Amino acid sequence: MSNIPSDLKYMKSHEWVRVEGDVATVGITDFAQSELGDVVYVELPTVGKMLAVGDTFGSVESVKTVSDVYAPVPGEVLEVNQDLVTSSELVNSDPYGHGWMIKIRLTASVPTTLMNADEYGVVAV
Amino acid sequence: MPYVPHTAADTEAMLSVIGAKSIDELFREIPSNLKVAPGSLNIPSALDEQRLMAHLTEIAAKNIDCTKLTCFLGAGIYDRYIPATVSAVISRGEFLTAYTPYQPEASQGYLQTIYEFQTMVSELYGMDLSNASMYDGATSMAEAAIMAHGIKGHEKIVVSDAVHPHYRQVLATYCWSIGLEVVTVPSVNGQTKDWNADGAACIIVQYPNFFGNIEDLAAVRKAADDAGAMMIVVADPVACALLKSPGSYGADIVVGEGQPMGIAMGLGGPVVGLFTCKKEFVRHIPGRIVGKTKEVHGDRPGYVMTLRTREQDIRREKATSNICTNEALMALAATVYMIALGKNGMTQVAQSSVRNTQYAISKLKSIGATVKFGEKVFGEFVVTLPKSATEVRDKMISKGFLAGLPLGGYYKGMENDLLVAVTEIRTREQIDAFASAMKEVLA
Amino acid sequence: MTSGRMQLMPEPKLIFDKSRPGRIGCNVPVCDTPEVDFTSIVGETRNDLHLPEIAELDLLRHFTNLSHINFGIETGFYPLGSCTMKYNPKINEQTARLAGFANLHPLQPVETIPGALEILNGVQEMLCEITGFPTITLQPVAGAHGEMTCLMLVKKYHESIGQSNRTIVLVPDSAHGTNPASAARCGYSVKPVPTDANGNTDLVSLAASLAEFGENVAALMLTNPSTLGLFEPNIEKICKMLHDAGGQVFCDGANMNAMVGTTRPGDHGFDCMHLNLHKTFSTPHGGGGPGCGAIGLKSHLEPFLPAPVIRPTGGKIVADYDRPQTIGRISGFYGQFLMEVRAYTYLRAFGKEYIADISRYSVLNANYVRERLKDVLPPAHDRPCMHECILTAEKYKKEHGVRALDISKRLIDYGFHPPTNYFPLIVPECFMIEPTETETKETLDEFCDALIAICQEAIDTPDLLHDAPSMKIVGRLDETLAVKTLDVRWWPAS
């Protein structure tokens, strides 16, 4: 059973988002990292890039697969997690903590279509 | 038919396990109007092995090949010495009949040779790393341009007209299909100087160039830097055993044709494309790469195909290229060649080419021919004749020589110019005979 | 150095570690022309070249030992699905090495190579008859290169009739990854077509796509038989749907082995197709190349062919460069000529009498394997397969934590090369087994017995499979480490 923190929101494409004020932190879920296996590379956007909901903002690679990652909220890329450049394994070891990917400054409200932990728990099997 | 081993009893036993009455029944999902009856195709009748060999020998004898002609023709494919060990190694069934090494535990032999290939090609070009090879020199160059476009984002590709015309034609085809613009800049007296590269993703130069002249790569690097473009060099790996390497001038991508290293001319195929780049661009490289690793549960070293997520079978339409195959067997031939000759042998081959070429230049000058772009060449030069180069080339064939490549079909105003290559296997006697025959033809 | 001792175990040393200054591995031609001052001719010369220095015998031992830790068709059964690992006849190697073929320069005048043109034209004519297309070109140097060339012809064709708006290529979700990659390489955007529950192209979905954006569809790329090993029974209808929408239909010929002498894609309604001569027509795979990719096409695409076009005219065979509408050159010279010599030899060995044996016995072998394994590894679809069968190991993953890859790695311990795994992507824990027509019943039985035994091991001793292969020269390798460290070459000690 994978870890699904109750204080986060989720997309069915397995991104999580934590909203604090007008800043949203985004990463991929524990379920997603375990399906991918060892993450060997994370491709991240440039700071300042504008994202609409559902836009691809980067990709996560394991040895034999690569998955695009999508923006759960609209806004401007405020910061990217530079630690992932040298330590992509953080996505595996601490997906909701040090394995975060980007911070987005919200330019509109958080979509109501995002799932809560219970709803995502049905998807992540 | 020895290639299909089924006896009547086998077929019967297998059909009975399957629960089918006949082989035809297995094809029942093919609409009957789309089937043809076995034996009904209009192709020639089967030949037994004895007759087959005789038939092919007869066809081969119709060609005038380079064991019957003394070859002074180069232009990208060279008549060079091939050590006997090359054929011995690439004929081994374990290499010849293997597939791409997707299962590393069953393919360590091949994977290690590719790692060795990557090392030696990188060494010759003076570059950080190499892939496992490409189709040929021409497609390597086109892929390099597209890679530069992927890195820089610009849609303009600038190429010198002293790059092999066929390579430029392939570049034009590839670039047309994905909507890139190719700008060709003229060379002057066998050197490319004015690059006009503003807004270009890359500039492409050949080393030595198509005419045999040695381009000033330091100046090319500066032109690339001034324009913010990548520097791509198409380099002859044999020449790179003697000349300063393209990597030492700061080239970003170096590609080339590996045929001169142990591969039969074979009417130009199969050959092998070489592809190297700086380490920082590795994630953009097309084709396969082999890397060294170790066991999951142990310390024994081993080799695997790596950075696989760039490739078409995983990345699909977002792959760095659609290429699947490298040219593994031809890369293996080149690997054996580079090891057999080694540091001293390859240097000697390159030096002999220069010596023989200089000797040929002096002999042709002595019969009244002029060297068009100067004598500071590696192993090939343009000679201007008093009459049509095509006519001279054709007459030379009846005298037993493949005299070179007439350039009129490729460059306007060069109808009397012949591109002559002199490799390390030409002897003084052959060069003397070549000059005498040429003298008679020109008289 | 270990030279001189019998080596049954792998050679862990790199050739660079065996190098000793002053040795050489061949007898380099002696130069008899005058010495020159190199620097005055070619400028500064290099002194930083690190290539190994090895004696000739040690060179051979190096590669012979490496060959012993490499698996080829001549080593054993190689049931790699979608790759057609059939026997590569030895006579083909002999004919390709004839001096009259091997020592031809590609730029020598065509008047001096009538035999070469005869080979090229001969292969073209036989492939026309086998595929049902009026025109074949042998210029593409690999399968993916052939796909790309076909799409370029389609693109040029649409340009010529003022339909450059056709920028979409449809690709089934079961397709090999080269299809979308080749489409992207030609500047097309790719849209997927789903597969229905029976393994066929989903016609409802295809019709909906064509209704929605059919006027912008350039082509559909269809593999037939599909990558599921199934013949597409609606093929004529699918081609008609595309043609009605103004699109072209490309046949991925990766699976031509199932059709040789039995059915012809040109008759199915396709506009163009590619062939892999290294699969269907036995040119050796060589460890991943040289490939060799002929393409076939209908007459409306012919004007756009890459030059030269080899064709008979006036009693002789010519190389036609006068092609005003050509897409241009796609590779250095004539394509993979020495591979064409091999394919020609192979086709003439079968001849009209036996050519259909290729499809008939490859399909028999695949159905036999499918039937023998169905209780332990159920087929993905309940239909007769063509030349390969697609089985699933899903239950072993769910119930015992054993994946298809684990079962495959265990096969190495039993002396077999693993089948293709995880392709096509739409079948979970997939095995794609292509036995080819050149394997005997005994070989297939031994292979099936091994897989049945391994499936029992998956239930009884799953860890045995997780750690497999255990008997080989190297255990399972750390591919994550390989990507992270990216050690792709040896470096000289500085």
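The values are calculated or read from the model by the stated rules, or taken from the named source; none is laboratory data. Only a predicted model underlies this, so the values are computations on that prediction, with no experimental measurement involved. We place every Cβ from the backbone using ideal geometry, glycine too, and count neighbours over all the protein chains shown. Calculation scope for accessible area: heavy atoms of the full protein, side chains included, ligands and nucleic acids excluded. Shrake-Rupley method; radii C 1.70, N 1.55, O 1.52, S 1.80 Å.
With respect to C:ALA366, determine if the residue is away from chain B (no Cβ under 11 Å), in a helix (DSSP H, G or I) and touching a Cys at 6+ places or on another chain (Cβ under 9 Å). Explain how you work it out, then say what you get.
Working: away from chain B (no Cβ under 11 Å): no; in a helix (DSSP H, G or I): yes; touching a Cys at 6+ places or on another chain (Cβ under 9 Å): yes.
Spelling it out, it is not the case that C:ALA366 is away from chain B (no Cβ under 11 Å), in a helix (DSSP H, G or I) and touching a Cys at 6+ places or on another chain (Cβ under 9 Å).
Out of the residues in region B:48-60 meeting the condition of being acidic (Asp, Glu) and open to solvent by 70 Å² or more (accessible area, probe 1.4 Å), tell me which one is farthest from the other protein chains (Cβ to nearest Cβ). Give the derivation first.
Keep residues of region B:48-60 that are acidic (Asp, Glu), which gives B:48-49, B:58.
Going one step further and asking which of them are open to solvent by 70 Å² or more (accessible area, probe 1.4 Å), we end up with B:49, B:58.
Numbers: B:GLU49: 5, B:GLU58: 8 Å.
Among them, the one singled out is B:GLU58.
Which residues, taken from region B:102-134, are in a loop (DSSP other than H, G, I, E, B) and facing chain C (nearest Cβ under 7 Å)?
Of the residues in region B:102-134, the ones in a loop (DSSP other than H, G, I, E, B) are B:102-103, B:126-128, B:131-133.
If the condition is that a residue be in a loop (DSSP other than H, G, I, E, B) and facing chain C (nearest Cβ under 7 Å), then B:GLN103 is the only one that fits.
Within the group B:SER16, B:SER45, B:SER32, B:SER40, which residue is exposed (fewer than 13 other Cβ atoms within 10 Å of the Cβ), of a type in the set (S, T, N, Q) and touching a helix residue (DSSP H, G or I) at 6+ places or on another chain (Cβ under 6 Å)? So that I can check it myself, show each step before the final result.
On the way: B:SER16 fails: touching a helix residue (DSSP H, G or I) at 6+ places or on another chain (Cβ under 6 Å); B:SER32 fails: touching a helix residue (DSSP H, G or I) at 6+ places or on another chain (Cβ under 6 Å); B:SER40 fails: touching a helix residue (DSSP H, G or I) at 6+ places or on another chain (Cβ under 6 Å).
Answer to the selection: B:SER45.
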Is one or more of the residues making up region C:460-471 touching a strand residue (DSSP E or B) at 6+ places or on another chain (Cβ under 7 Å) and open to solvent by 20 Å² or more (accessible area, probe 1.4 Å)? no
Please pick out the residue among C:THR326, C:THR313, C:THR345 that is among the β-branched types (Val, Ile, Thr), assigned by TED's automatic domain parsing to the domain that holds C:ALA144 and buried (at least 24 other Cβ atoms within 10 Å of the Cβ). C:THR345
When both residues are 6+ apart or on different chains and their Cβ atoms are under 8 Å apart, which pairs have a first residue that lies in region C:166-183 and is over 18 Å from C:GLY293 (Cβ atoms) and not assigned by TED's automatic domain parsing to the domain that holds C:PRO194, and a second that is open to solvent by 10 Å² or more (accessible area, probe 1.4 Å) and among the charged types (D, E, K, R)? none
Within region C:396-405, count every residue that is open to solvent by 40 Å² or more (accessible area, probe 1.4 Å) and under 22 Å from C:THR227 (Cβ atoms). 3
Exactly one condition in (1) open to solvent by less than 30 Å² (accessible area, probe 1.4 Å); (2) under 27 Å from C:THR485 (Cα atoms) is not met by A:ALA71; state its number. (2)
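Quick one: which residue in A:LEU78, A:LEU36 is more than 14 Å from chain C (Cβ to nearest Cβ), of a type in the set (A, V, I, L, M) and either touching a strand residue (DSSP E or B) at 6+ places or on another chain (Cβ under 8 Å) or open to solvent by 30 Å² or more (accessible area, probe 1.4 Å) (or both)?
Numbers: A:LEU36 fails: more than 14 Å from chain C (Cβ to nearest Cβ).
When all the criteria are applied, what remains is A:LEU78.
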Residues that are without any contact (Cβ under 8 Å) to a residue 40 or more places away in the chain and farther than 25 Å from C:PRO424 by Cβ: list the strands (runs of 3 or more DSSP E) wholly contained in region C:204-319 that include at least 1 such residues. C:309-313
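Within region B:297-317, track down each residue that is out of contact with any Ser or Thr (no Cβ under 9 Å at 6 or more places or on another chain), within 7 Å of another protein chain (Cβ to nearest Cβ) and without any contact (Cβ under 8 Å) to a residue 24 or more places away in the chain. Spell out the reasoning first.
Filtering region B:297-317 for residues out of contact with any Ser or Thr (no Cβ under 9 Å at 6 or more places or on another chain) gives B:297-300, B:307-308.
From the residues that got through so far, the ones that are within 7 Å of another protein chain (Cβ to nearest Cβ) too are B:297-298, B:300, B:307-308.
Once the filter is applied, which keeps residues that are out of contact with any Ser or Thr (no Cβ under 9 Å at 6 or more places or on another chain), within 7 Å of another protein chain (Cβ to nearest Cβ) and without any contact (Cβ under 8 Å) to a residue 24 or more places away in the chain, region B:297-317 yields B:HIS297, B:GLY298, B:ARG300, B:ARG308.
I need the full set of residues from region C:419-458 which are open to solvent by 10 Å² or more (accessible area, probe 1.4 Å), outside any helix (DSSP H, G or I) and of a type outside the set (Asp, Glu), in order please.
Taking region C:419-458 as the starting set, the residues that turn out to be open to solvent by 10 Å² or more (accessible area, probe 1.4 Å) are C:420-423, C:425-429, C:438-443, C:445-446, C:449, C:452-453, C:456-457.
Now drop any that are not outside any helix (DSSP H, G or I), which leaves C:420-423, C:425-429, C:438-440.
Those that are open to solvent by 10 Å² or more (accessible area, probe 1.4 Å), outside any helix (DSSP H, G or I) and of a type outside the set (Asp, Glu): C:THR420, C:ASN421, C:TYR422, C:PHE423, C:LEU425, C:ILE426, C:VAL427, C:PRO428, C:THR438, C:THR440.
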What is the number of the single condition among (1) buried (at least 23 other Cβ atoms within 10 Å of the Cβ); (2) over 27 Å from B:LYS62 (Cα atoms) that C:GLN336 does not meet? (2)
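Each row is one residue, and each column tells you yes or no for (1) in contact (Cβ under 8 Å) with a residue 40 or more places away in the chain; (2) more than 10 Å from chain C (Cβ to nearest Cβ); (3) open to solvent by 40 Å² or more (accessible area, probe 1.4 Å); (4) in contact with a Lys or Arg (Cβ under 6 Å, 6 or more places away or on another chain).
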{"site": "B:LEU329", "(1), (2), (3), (4)": "yes, no, no, no"}
{"site": "B:ALA350", "(1), (2), (3), (4)": "yes, no, no, no"}
{"site": "B:VAL392", "(1), (2), (3), (4)": "yes, yes, no, no"}
{"site": "B:TYR410", "(1), (2), (3), (4)": "yes, yes, yes, no"}
Out of the residues in region B:187-213 meeting the condition of being in contact with a helix residue (DSSP H, G or I) (Cβ under 6 Å, 6 or more places away or on another chain) and part of a loop (DSSP other than H, G, I, E, B), tell me which one is nearest to B:VAL233 (Cα to Cα). B:PRO208
Within region B:70-101, the residues that are open to solvent by less than 10 Å² (accessible area, probe 1.4 Å) and either outside any helix (DSSP H, G or I) or on the phi > 0 side of the Ramachandran plot (or both) are B:CYS71, B:PHE72, B:LEU73, B:GLY74, B:ALA75, B:ILE77, B:PRO83, B:THR97, B:ALA98, B:THR100, B:PRO101
Selection from region C:79-92 of residues that are more than 7 Å from every other protein chain (Cβ to nearest Cβ) and either surrounded by fewer than 24 Cβ atoms within 10 Å (Cβ to Cβ) or in a loop (DSSP other than H, G, I, E, B) (or both): C:PRO79, C:GLY81, C:SER82, C:THR84, C:LYS86, C:LYS90
Taking region B:356-374 and keeping only residues that are within 22 Å of B:GLN206 (Cβ to Cβ) and either part of a helix (DSSP H, G or I) or within 7 Å of chain C (Cβ to nearest Cβ) (or both), one is left with B:ASN356, B:THR357, B:GLN358, B:ALA360, B:ILE361
Which residue out of C:GLY72, C:GLY187 is at the interface with another protein chain (Cβ under 7 Å from one of its Cβ atoms), at positive phi, not in a helix (DSSP H, G or I) and not charged (D, E, K, R)? C:GLY187
